[in-house]
Amino acid sequence: MRTILYLVRKEFTQIFRNRFISRAIFGIPLVQMIILVPAVTFEIDNIKLCVIDKDMTSESRDLVSRLQGSEFFLISHTTFSEQEADDLLHKNRCDLILNIPRGFSNDIMTENRAKVMVIANAINASSAQLSWAYISGVLRDFNADLVMDNLSVKSIGTLPTIKITNRFWYNPTLNYKYYMLPGILVILVTAIGLLLAGLNVVKEKEMGTIEQLNVTPIRKYQFIIAKLVPFLVIGLVDLAFGLLLGKILFDIPFAGSLGLLFFFAVLYLIAVLGLALFLSTLSSTQQQYLFVVFFILLIFILMSGIFTPAESMPLWAQKFNLVNPAAYFMRVIRMIMLKGSGFIDILPDIRGLAIIALTTVSLAIWRYRKRV
Amino acid sequence: MPGLIKPTDMKRFLGFVKKEFIHIFRDLRTLIILFGIPAAQIIIFGYAVRTDIKNASIAVYDLSGDEVTRDLTDRLSSSEFFILREMIDSYDKVDEIFKSSKVKAVIIFDEEFGRRLISEGSASVEIIADGSEPNVANMVTNYTRAIIAEYNQDLNKSPGEGLILIEPEVRMYYNPNLESQFMFVPGIITIVLMLICALMTSITITREKEFGTMEVLLVSPLKPIHIILGKVTPYFFLSLVDLIIILLLSWLVFGLPVKGSLLLLMLITMLYILLALSLGILISTISKTMQQAMFISLAGLMLPIIIFSGFIFPIEYMPPIYNWISTVIPARWFVTIIKNIMVKGTGITYIWKETLILSGMTILFIVVSAKRFRIRLQ
């Protein structure tokens, strides 16, 4: 035990002697929080709409003014030429074209089903789908009001209508920051764990100092624990720092138990650090290690469902996520912070992650050779 | 320029480039990573990262349990968007089912839904979505609303005509099947090239510094500019090979061919590679150790590129300040160019502005890194 304590102290001294790293530990979360969190949003508003109104009647103008009044749309251009509208779409000056053909109002009057054409720039499929959903919502309302007007004249009576109300729990305003901040904390903790710990060992290898450690009587597990503990502490401190920044800067809610989150974070860091130490035994230079870790980090993070729901991934990707520690943390940190999920709710995740942690640490101890 | 270089210099330079190539090709692992990363990323992220939702789990709390609500439940669960995970029987279960993250939304049909709909002409349904995933919550709500509204329209079709007065017709330009690939492939080209060029060069040059071998090079008869060019040249060609691999993969695997001029795409990509390489040199002049170079590449390049190139998050909808910040991120301009050439098939007339900006940035980075490198020599 005393051996481990001495080794841990040595590691801390070495880490904080490097001024760049000690600055990076607090600098990176600060930069990430301030710059990245507000930028990442899927909320779309002010969709740039180009209107071609060839009808020019009170009905068509009514429709256009409704779109103008909607918070989602911004009528950026009006034109009579389809070609000009296409060109604007081509040049990215507008996102959506609404084409109201001549005879629109006449068709409505004669109940001939008036047509309108909507053209969306669909390179970004999800934005296009959302824009289409918004504009068809406006068209639906417009249609319903027209029907009502017509019906009251003909007095057929009321038609069955389903009234739909909706609510968003845990995040009523769908604030995207609440969603992204936990995700960015996961990137932070993962990067600290994977990069710093592994590089530390590989650097000792590259510099030859690891041989000095190898000739001492310390045991394999002592070496691994001594390398693991300092970065575990740094990871947790960074997580706490990130949470604090989130609270101060963005007033991020924290619905669940802080203790439970940190318990899970310890488990997560052990899994990640075990992996880092295992990978470091496979690389002989920092350069090699860096490339391998970049690869793994990018895959882990993007596959974990940080930007996109992991559930809509294909089955093979979901299977992969069973062994992807970042996927567990990504899910659980959001559950605890936003929904206040308890121990029972995350029990399956704890079990899965514990198995991963056990595996990676065992692998690291097994692969570490005291001989060159 | 070639006239200004003496033949002996040229010979030395070529010898140096050869040495660098040997360094790269000697290490099989570096090589596999150099080509394995882009290929694997294109395939994995092209397939796995999806912004659309399919088979989202929902629960239904049916207070009425009549024919209409059963019909509606069927409609919802038979659509490709939803899977009916559970029927719940109390309002308290909603919180429980959300907390264990089993479902994305709960749909609650009011009491006597069917009877009220027919006799009173109106019935209520409530959608409660799990807002902890805003995007999913939004989409699930929109899809549910659309399905219910469609059912409502079908219901009304029989008694009287003239209820649908306006028929919108939609055309999805450039991407009629709404595939995510059209967004991701250009984004990944942008990221992978920057990663390979900037990260690789900054690390190899810093490595020479950290190990002291840079001094050996500096006392050799090679001029500093030749050392840097020699370091960078192999990566320039390797990046081009990478680009070709990615384009081939995106064509063969995703069926996403280059719609516009391939030559134009290659030329502008070369410009972008040049820019990335000069950024790499710049980073290497700033950092003393490989760890530093890597941290700067990671924190200063990777994340901003992923975020600000607008390939996952559309820049147009970010707060205005960020729109401004993104203008200094080269990837933002490059991704626009690639999308234009690959997906829209537009020519230089549509992208000359972006190309000009990219050229300006390249020149700036080359000048700055050249200046900084010379300072270190004195």
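Please treat every number below as a calculation from the coordinates, not as lab data. Note that the coordinates shown come from a computational prediction; the quantities given were computed from them, not determined experimentally. Cβ placement follows ideal geometry from the backbone for every residue including glycine, while neighbour counts extend to all protein chains displayed.
Highest average first, the peptides B:116-122, A:52-58, B:127-133, B:57-63 ordered by how many other beta carbon atoms sit within 10 Å of their residues are B:127-133, B:57-63, A:52-58, B:116-122.
Measuring r between the beta carbons of residue A:369 and residue B:288 and using R0 = 25 Å, the FRET efficiency lands at 0.20. Across chain B, how large is the tail of the calculated P(r) beyond 26 Å, expressed as a percent of all Cα pairs? Tail fraction, whole percent: 63.
Taking 0.890 mPa s as the viscosity and 25 °C as the temperature, the Stokes-Einstein diffusion coefficient of region B:56-157 based on its alpha-carbon Kirkwood radius rounds to 178 µm²/s. Volume of the convex hull of region A:1-101 (Cα atoms only), normalised per residue: 155 Å³.
Helices meeting the span-like rule in chain A (full DSSP H runs, Cα extent of at least 15 Å along the helix axis, mean Kyte-Doolittle score of -0.5 or higher): A:2-17, A:19-31, A:125-154, A:176-191, A:220-245, A:258-282, A:286-303, A:347-367. Across region A:156-227, the fraction of Cα-Cα pairs farther apart than 18 Å, rounded to a whole number, is 67%. Tell me which lysines have Cα within less than 27 Å of residue B:99's Cα, excluding those fewer than 8 residues away on the same chain? List returned: A:177, A:247, A:319, A:339, B:54. Using C-alpha pairs below 8 Å separated by at least 6 residues, the relative contact order for region B:56-157 is 31 percent.
Near residue B:167, the amide H atoms lying under 5 Å from its own belong to A:114, A:115, A:116; only residues 5 or more places off or on other chains count, and H is placed 1.01 Å from N.
For the residues of B:97-105, the average number of beta carbons from a partner chain within 10 Å of their own beta carbon is 5. Identify all aspartates and glutamates with a Cα-Cα distance to residue A:203 below 20 Å; exclude those on the same chain that are fewer than 8 residues away in sequence. Candidates past the 8-residue exclusion: A:11, A:211, B:27, B:208, B:210. Please give the helix B:224-252 orientation as an angle from the longest Cα principal axis of chain B, in degrees from 0 to 90, rounded to the nearest 10. Helix B:224-252 sits at roughly 30 degrees to that axis.
When each of the peptides A:116-128, B:221-233, A:205-217, A:227-239 is scored by the mean number of other C-beta atoms lying within 10 Å of its residues, the order from highest to lowest reads A:116-128, A:227-239, B:221-233, A:205-217.
For the listed peptides B:280-289, A:163-172, a ranking on the average number of other beta carbons within 10 Å per residue, highest first, reads B:280-289, A:163-172. Relative to the longest principal axis of the Cα atoms of chain B, the long axis of helix B:134-157 lies at roughly 40 degrees.
When the alpha carbon gyration tensor of region A:1-46 is reduced to an equivalent ellipsoid, its three semi-axes come out at 40, 13, 4 angstrom, largest first. In plain terms, if you count all Cα to Cα distances in chain A and split them into 20 Å steps from zero, the share in each step is 23, 40, 24, 11, 2 percent. Its alpha carbons give the protein assembly as shown an Rg and a Dmax of 29.2, 98 Å. Shown is the FRET efficiency for residue B:349 and residue A:315, computed with R0 = 56 Å from the Cβ-Cβ distance and rounded to the nearest 0.05: 0.80. Annotation: cysteines of the protein assembly as shown without a disulfide-compatible partner (Cβ-Cβ under 4.7 angstrom) are B:197.
Per the Debye formula with a single identical scatterer at each Cα and no solvent contribution, what log10 I(q)/I(0) holds for region A:47-154 at q = 0.18 Å⁻¹? With one equal scatterer per Cα and no solvent, log10 I(q)/I(0) is -0.87.
Per residue of B:141-147, count partner chain C-beta atoms within 10 Å of its C-beta, then hand back the mean as an integer. Please report the intermediate quantities before stating the final value.
Details: counts 6, 8, 2, 2, 6, 4, 0.
So the per-residue partner count for this stretch is 4.
Our estimate of slack between residue A:62 and residue A:92, defined as 0.36 nm per intervening residue step minus the Cα-Cα distance, is 8.1 nm. Reported to the nearest whole Å, the Cα centre-to-centre distance from region B:126-148 to region A:281-336 is 27. Helix B:67-78 axis versus longest C-alpha principal axis of chain B: approximately 20°, rounded to the nearest ten. Pairs exceeding a 28 Å alpha-carbon distance, out of A:48/B:344; B:18/B:371; B:259/B:353; A:48/B:102; A:10/A:205; A:48/B:259: A:48/B:102.
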